[in-house]
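In what follows, a structure is listed as structure tokens, so that the remarks can point back to it.
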Amino acid sequence: MIQSIGITKEQHSSGTPCRLQDLPLEDRPKIRLPRVLRSRCVKHVGEQINLVIPFIGKPKPVISWTKDGQPLDTKKANIRNTDKDSILFIRKSEREDSGSYEMTVKVDSFEDKANLIIQIVDLPGPPASVKLVDSWGFNAALEWTPPKDNGNTEITGYTIQKADKKTEEWFTVLEHFHRLNATVSDLVMGNTFTFRVFAENKVGRSETAAVTKGAAHIQKTGIVYKPLEYKEHDFSEAPKFTAPLSDRAATVGYTTKLLCAVRGSPKPKIEWLKNQMIIGDDPKYRQINNQGVCSLEIRKPSSFDGGIYTCRAKNALGEATVACKLEVKRKYRIICTLLDMLMLQGAFSADYSDIDPLRCLSRRGMASEHFLC
């Protein structure tokens with residue numbers, strides 16, 4: 001706040017009496033308070049204060065300072081005045097330096113005043129008390145009271161921490177919390193917890209915390225696991241052939257193989273039969289069952305190996321069979337002379353119609369030329 005005060009008479013600087021109203025306005029004292037100092041000046045404890053406040057006035061004004069209406073203690077604050085400004089300097093501020101400072105600039109009977117509000121803030125103290133109100137299930141309810149020392153500024157929130165007595169390590173559960181009560185959830189069953197609360201202001205968090213006297217023991221509850229009820233699907237299945245046997249024709253001396261595919265659960269037992277007789281472990285046959293594909297390998301079959309072959313699959317739910325006919329043909333060789341070939345081509349009237357001339361091949365090594373049919 002700035003104000004000017006005038007009286008009716010004064011002595012001009014030249015020594016000639018004159019009326020005060022005739023003193024030029026530019027010579028009257030005027031404080032030019034910086035904009036940043038027109039509101040509250042906030043500093044942290046330990047910070048340096050150096051406020052420069054310019055003014056005008058002729059002749060040289062008389063400068064005076066007061067704090068809270070009392071003369072300023074020059075042991076705590078230093079004042080340096082020049083013709084144009086006044087400097088308020090505090091090397092290391094303390095909480096006691098907070099207050100309302102008034103600067104007065106006076107020229108003869110004219111004066112101007114300015115007020116400065118300085119606020120020195122610090123970390124708050126801990127909450128006055130904290131109490132464990134109740135604990136149930138996996139939760140604990142806490143209540144606390146504001147700190148006695150707010151650090152010379154308003155309290156902005158609280159930080160709540162928990163510690164397991166087994167580890168004694170603190171973990172933050174709530175930060176910047178504004179109310180004076182809270183519920184801490186998700187506590188571990190079977191453990192015992194203590195809690196503490198810090199106060200916060202715009203400077204920071206209190207250095208110490210208020211700790212609960214009691215502890216919250218989270219009881220173990222008789223939790224019984226009940227699996228979901230569901231109807232188990234029955235994958236059991238009687239044997240069923242998905243690929244049947246096919247009739248085959250084989251040549252004497254050339255290995256052949258019979259193939260089919262079957263499915264079933266549980267896995268069916270496979271048996272091979274020849275003419276309704278179980279083949280068993282006959283070394284002439286090789287039986288393979290791989291992923292439901294069944295094969296019977298007949299090694300170098302003879303004409304006696306022809307017949308009806310059956311594959312039988314059997315499990316606890318039933319059985320299935322599939323059969324095929326195997327025909328084993330002989331390999332014939334007919335020796336034909338050149339005369340025979342000519343007769344086959346119709347040069348003679350002999351009847352060799354039962355011989356296929358296209359199967360005759362040239363063969364050497366005889367007195368006359370022969371052909372292998």
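The values are calculated or read from the model by the stated rules, or taken from the named source; none is laboratory data. All values derive from a computational prediction rather than experimental measurement. Reconstructed Cβ throughout: ideal geometry from the backbone, glycine too, with neighbour counts over all protein chains shown.
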Margin query: Being of a type in the set (D, E, K, R) and closer than 24 Å to Leu187 by Cβ is the filter here; which residues of the range 124-167 pass it?
Written below: Lys131, Asp134, Glu143, Lys162, Asp164, Lys165, Lys166
Check: Quick one: Lys300 ticks every box in (1) assigned to a loop (DSSP other than H, G, I, E, B); (2) of a type in the set (Lys, Arg); (3) within 60 Å of the chain's Cα centre (by Cα) bar one, so which box is it?
Finding: (3)
Margin query: Please verify whether Asp108 is buried (at least 17 other Cβ atoms within 10 Å of the Cβ), at positive phi and at pLDDT below 95, treating the condition exactly as stated.
Written below: yes
Next item on the list: Check the range 111-131 and report whether any residue there is assigned by TED's automatic domain parsing to the domain that holds Phe195, within 50 Å of the chain's Cα centre (by Cα), more than 20 Å from Ser39 (Cα to Cα) and free of Cβ contacts under 8 Å to residues at least 40 places away in the same chain.
Entry: no
Note to self: Among (1) surrounded by fewer than 14 Cβ atoms within 10 Å (Cβ to Cβ); (2) in contact with a helix residue (DSSP H, G or I) (Cβ under 6 Å, 6 or more places away or on another chain), there is one condition Ile120 misses while meeting the rest; what is its number?
What the structure shows: (1)
Margin query: So Ala350 ticks every box in (1) assigned to a strand (DSSP E or B); (2) at pLDDT below 90 but one. Which box is left unticked?
Written below: (1)
Check: When both residues are 6+ apart or on different chains and their Cβ atoms are under 6 Å apart, which pairs have a first residue that lies in the range 243-266 and is more than 17 Å from Gly307 (Cβ to Cβ) and without any contact (Cβ under 8 Å) to a residue 12 or more places away in the chain, and a second that is surrounded by fewer than 16 Cβ atoms within 10 Å (Cβ to Cβ) and not polar (S, T, N, Q)?
Finding: none
Margin query: Restricting to the range 148-198, name every residue that is touching a residue at least 40 places away in the same chain (Cβ under 8 Å) and of a type in the set (Asp, Glu).
Written below: Glu154, Asp186
Item checked: Selected residue [outside any strand (DSSP E or B) and either under 30 Å from Thr159 (Cα atoms) or among the polar types (S, T, N, Q) (or both)] from Thr242, Thr208 -> Thr208
Notebook entry, point to check: Looking only at the range 255-278, which residues are of a type outside the set (A, V, I, L, M) and either assigned to a strand (DSSP E or B) or not assigned by TED's automatic domain parsing to the domain that holds Ile298 (or both)?
Noted result: Thr256, Lys257, Cys260, Arg263, Gly264, Ser265, Lys269, Glu271, Trp272, Lys274
Item checked: All strands (runs of 3 or more DSSP E) inside the range 49-93 with 3 or more residues being touching a residue at least 40 places away in the same chain (Cβ under 8 Å) -> 49-56, 62-67
Note to self: Given the criteria of a type in the set (Asp, Glu), assigned by TED's automatic domain parsing to the domain that holds Val133 and part of a strand (DSSP E or B), does Glu200 qualify?
What the structure shows: yes
Note to self: With the condition being farther than 30 Å from Lys30 by Cα and polar (S, T, N, Q), I'd like the strands (runs of 3 or more DSSP E) fully within the range 100-184 carrying at least 1 qualifying residues.
What the structure shows: 127-136, 139-147, 155-164, 170-177, 181-184
Margin query: What are the pairs with Cβ atoms under 6 angstrom where one residue, in the range 207-226, is surrounded by fewer than 10 Cβ atoms within 10 Å (Cβ to Cβ) and the other, located anywhere, is modelled with pLDDT of 80 or more? Sequence gap at least six, or different chains.
Written below: Lys220/Met189; Lys220/Gly190
